[in-house]
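Presented below is the structure to which this report refers.
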Amino acid sequence: MKVYNIAIDGPSGAGKSTVAKLLAEKLGIMYLDTGALYRTVGLKAMRSGWHEDNDFVSGALASTDIKVKFENGVQRMYLDGEDVTEAIRLPGVSDYGSRFSALPCVRSALLGLQRKAAEENSSVLDGRDIGTCVLPDAEYKFFLTASVDNRAHRRYNELKAKGLDVNYDEIKADITARDERDINRMVSPLRKADDAVEINSDYMTAEEVAKRIMAFIKK
Ligand code: DC
């Protein structure tokens, strides 16, 4: 069967990953969480004390090994040979991921990995610039939004459920700062592709959003 891709973009906490996982399951295709790639760079930057300078990071990336592997269909991230799939979810890493994702050298280093994964298997990819930059010819494109408060509540509940000691106001401030950075960066900013279908998930469950997307795909 022909390879096809579904791009889901949107701001942090809009429910992209939950919806993307549901869709991948329903359709029997792969799910690529592209934020995990940027978080892996962020983790390396955090651990190694990198500063946000394109030339410096470009050199440092040359000796950094980032791999995406699918084990039993589930994405795992490797940094210099270490499985960092869980470590990249810890609070603090997202901020580094967002800051370093603004550098052109980081975006170009991760572009090939994303395109290769999408070329090899039909996939749902979620991120910020999948429909506009990574896969401008993706067969299906969606842009998921929700209010900052709803997104902060969702992220708070997610981290709380993992047993982490989190503070709602800090999470909301982190999301607001990331929105600002993701929307205003020079390269591949967060933006709805002209041909993407926008869905506001404020009053919808992830299951309802996935159903709506399935209805578009079937059409
Ligand atoms: O989706 P996430 O919260 O795991 O992403 C972490 C950061 O990575 C996010 O703040 C912005 C960046 N990112 C990006 O710039 N482009 C993508 N396609 C995915 C994520």
- If we ask which residues in segment 50-82 are over 18 Å from the mean Cα position of the chain (by Cα) and either of a type in the set (S, T, N, Q) or in a strand (DSSP E or B) (or both), their number turns out to be 7
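Could you list all residues from segment 90-112 that are assigned to a helix (DSSP H, G or I), within 11 Å of the ligand (Cβ to nearest atom) and either touching a residue at least 60 places away in the same chain (Cβ under 8 Å) or of a type in the set (S, T, N, Q) (or both)?
Answer for segment 90-112, where residues must be assigned to a helix (DSSP H, G or I), within 11 Å of the ligand (Cβ to nearest atom) and either touching a residue at least 60 places away in the same chain (Cβ under 8 Å) or of a type in the set (S, T, N, Q) (or both): 94, 95, 97, 98, 99, 100, 101, 106, 107, 110.
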- Message: Six or more apart or on different chains, Cβ atoms under 7 Å: show the pairs whose first residue is in segment 47-62 and of a type in the set (D, E, K, R) and whose second is assigned to a helix (DSSP H, G or I).
- Response: 52/99; 52/100
- Message: I'd like to check something: does segment 13-26 contain any residue that is out of contact with any helix residue (DSSP H, G or I) (no Cβ under 8 Å at 6 or more places or on another chain), more than 26 Å from residue 146 (Cα to Cα), of a type in the set (D, E, K, R) and surrounded by fewer than 20 Cβ atoms within 10 Å (Cβ to Cβ)?
- Response: no
- Among the residues listed as 206, 210, 173, 177, the single one being over 24 Å from residue 138 (Cα atoms) and touching a residue at least 60 places away in the same chain (Cβ under 8 Å): 177
- Query: Considering segment 3-45 alone, what residues qualify as being assigned to a loop (DSSP other than H, G, I, E, B) and in contact (Cβ under 8 Å) with a residue 12 or more places away in the chain?
  - Reply: 3, 4, 10, 11, 12, 13, 14, 15, 29, 34
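Tell me the residue from 128, 115 that is within 13 Å of the ligand (Cβ to nearest atom) and either β-branched (Val, Ile, Thr) or buried (at least 19 other Cβ atoms within 10 Å of the Cβ) (or both), please.
The unique qualifying residue is 128.
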- Task: Answer with yes or no whether residue 49 is surrounded by fewer than 19 Cβ atoms within 10 Å (Cβ to Cβ), within 23 Å of residue 118 (Cα to Cα) and away from the ligand (no atom under 11 Å from the Cβ).
- Result: no
- Would you check if residue 83 is surrounded by fewer than 17 Cβ atoms within 10 Å (Cβ to Cβ), of a type outside the set (A, V, I, L, M, F, W, C) and more than 27 Å from residue 186 (Cα to Cα)? yes
- Query: residue 166 fails exactly one of the following numbered conditions: (1) surrounded by fewer than 19 Cβ atoms within 10 Å (Cβ to Cβ); (2) not in a loop (DSSP other than H, G, I, E, B). What is the number of that condition?
  - Reply: (2)
- Message: Among the numbered criteria (1) modelled with pLDDT under 95; (2) under 19 Å from residue 116 (Cα atoms), which one does residue 5 miss?
- Response: (1)
- Answer yes or no as to whether residue 135 is surrounded by fewer than 21 Cβ atoms within 10 Å (Cβ to Cβ) and closer than 27 Å to residue 202 by Cα. no
- Note on the structure: Within segment 172-219, residues being among the acidic types (Asp, Glu) and away from the ligand (no atom under 16 Å from the Cβ) number 6
- Item | Extreme residue, farthest from residue 149 (Cα to Cα), among residues of segment 178-204 that are at pLDDT below 95 and not in a loop (DSSP other than H, G, I, E, B) | 184
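The values are calculated or read from the model by the stated rules, or taken from the named source; none is laboratory data. In this text, all values refer to a predicted model and were calculated from it rather than measured experimentally. Note that each Cβ is placed from the backbone with ideal geometry, even for glycine, and that neighbours are counted across all protein chains shown.
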